[in-house]
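Structure first, then comments.
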Amino acid sequence: MAEKPISLTGIKPTGMPHLGNYLGAIRPALRKTEQYRGVYFIADYHALTTVFDGAQMRDQIERVAATWLALGLDPEKNLFYKQSDIPEIFELSWILGCFTPKGFMNRAHAYKAKVAANQEAGEELDANIGMGLYTYPLLMDADILLFGADIVPVGKDQKQHVEFARDVAQRFDQNYGTDVLKLPEPVIEESTDVIPGLDGRKMSKSYGNTIELFLPSKQLKKKVNKIVTNSQGVEEPKDPDTCQVFKLFSLFATPEESAALAARYREGGMGWGEAKNALYELLERVFDEPRRRFEELMANRSEIHAILRRGAERARDEAAPRMAEIRRLVGTDIYSA
Ligand code: TRP
């Protein structure tokens with residue numbers, strides 16, 4: 001068993017990650033590896049609730065895996081695997097379903113939101129709702145509990161799912177008089193809300209205001225130039241604290257660099273073009289090396305495959321004792337009792 005507590009992160013492969021994902025989820029998760037043992041996985045079967053094109057699924061899995069690797073995830077020090085490579089997760093998901101009241105699933109946020117939308121539209125309540133969406137939280141419970149996660153860093157929208165995992169773990173443990181399933185703590189990354197997109201609203205794919213990771217220089221520059229600013233002229237002093245160019249800059253810069261740019265804002269004589277250029281150059285600097293690594297991996301996907309295969313092997317080895325104990329407890333393992 002690992003000595004450090006375990007921090008577990010599930011990554012749904014649903015498109016190219018953007019700066020908001022990086023600042024809100026990827027960077028904080030990678031920084032946790034000093035105090036925690038990191039368990040990272042690509043939640044491809046969760047993505048199957050919305051991605052129904054095989055080629056697209058494959059591409060997104062590889063892209064997201066390459067992104068995390070390029071940004072510094074060390075697959076040797078941490079566990080890094082693809083969910084669908086671990087059959088034990090699905091086995092456990094079924095078992096946990098047998099300890100989950102159906103009413104719980106009815107209260108899951110994503111499902112409830114769909115039902116409410118159907119009601120609003122005058123449709124049948126369960127119209128266009130797949131069983132994948134309905135049982136989504138059960139699969140997540142298994143993701144978390146199979147590896148004995150101590151903490152699960154998540155955005156606010158996923159907190160309820162971690163609470164479900166705690167609940168079902170308790171039910172299971174109580175029934176069998178065991179502590180084989182550990183109760184995980186959700187850790188909320190508050191910062192996700194404050195990362196502004198091009199238009200100043202929260203950066204989010206659904207608003208179409210994102211800056212994707214690893215854009216080629218020219219495209220990155222174009223995107224940065226699209227960030228909305230006010231109509232102040234070059235000479236006017238400007239307020240860094242209400243400017244999303246500055247906000248983004250400060251999220252990547254050292255405190256000294258931020259202080260220097262803030263001073264330039266306040267003294268006047270600096271136009272928006274110059275501020276945007278400062279941000280662009282900073283992003284080039286921060287992501288130059290990871291972008292090169294990303295391109296390398298994407299040009300040599302067998303390297304990604306080898307890393308994920310090896311990760312899955314190690315993950316299955318690590319999960320095996322807990323799964324064996326669970327089978328013994330529920331009594332389906334008649335052989336080693
Ligand atoms: N549902 C999560 C999301 O949409 C992804 C995920 C799947 C996950 N399994 C997990 C997150 C387990 C944390 C723990 O982002």
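When Met105, Met131 are checked against the criterion of being crowded, with 16+ Cβ neighbours inside 10 Å and away from the ligand (no atom under 14 Å from the Cβ), Met105 stands alone in meeting it. Please tell me if Ala253 is within 30 Å of Glu76 (Cα to Cα) and assigned by TED's automatic domain parsing to the domain that holds Leu146. It is false that Ala253 is within 30 Å of Glu76 (Cα to Cα) and assigned by TED's automatic domain parsing to the domain that holds Leu146. Identification of strands (runs of 3 or more DSSP E) wholly contained in the range 1-102 with 2 or more residues that are within 17 Å of the chain's Cα centre (by Cα) and under 21 Å from Ala169 (Cα atoms) yields 6-11, 37-42. For the range 17-29, give me the residue count where each residue is farther than 13 Å from Gly155 by Cβ and either away from the ligand (no atom under 15 Å from the Cβ) or modelled with pLDDT under 90 (or both). Final tally of qualifying residues: 2.
Taking the range 134-154 as the range and being charged (D, E, K, R) and either crowded, with 24+ Cβ neighbours inside 10 Å or not in a loop (DSSP other than H, G, I, E, B) (or both) as the test, the residues that pass are Asp141, Asp143. Pairs meeting the criteria (first residue in the range 142-159 and farther than 19 Å from Tyr111 by Cβ and near the ligand (Cβ under 8 Å from one of its atoms), second residue assigned to a loop (DSSP other than H, G, I, E, B) and modelled with pLDDT of 95 or more, beta carbons under 9 Å, at least 6 apart or on different chains) are Ala149/Pro5; Ala149/Lys182; Ala149/Pro184; Val152/Pro184.
If the condition is being under 15 Å from Thr135 (Cβ atoms) and surrounded by fewer than 16 Cβ atoms within 10 Å (Cβ to Cβ), then the range 49-59 contributes only Thr50.
Counting the residues of the range 155-197 that are touching a strand residue (DSSP E or B) at 6+ places or on another chain (Cβ under 6 Å), surrounded by fewer than 17 Cβ atoms within 10 Å (Cβ to Cβ) and modelled with pLDDT of 95 or more gives 1. Among residues of the range 218-236 that are farther than 17 Å from Leu283 by Cβ, none has a beta-carbon under 6 Å from a residue that is of a type in the set (Ser, Thr, Tyr) and not in a helix (DSSP H, G or I) at least six positions away or on a different chain. Across the range 296-317, the number of residues qualifying as under 20 Å from Leu213 (Cβ atoms) and more than 21 Å from the chain's Cα centre (by Cα) comes to 5. Determine whether the range 243-257 contains at least one residue that is assigned to a loop (DSSP other than H, G, I, E, B) and charged (D, E, K, R). For the range 243-257, residues assigned to a loop (DSSP other than H, G, I, E, B) and charged (D, E, K, R): absent.
The values are calculated or read from the model by the stated rules, or taken from the named source; none is laboratory data. Source: prediction; values computed, not measured. Every residue, glycine as well, gets a Cβ built from its backbone with ideal geometry; the counts of neighbours run over all protein chains shown.
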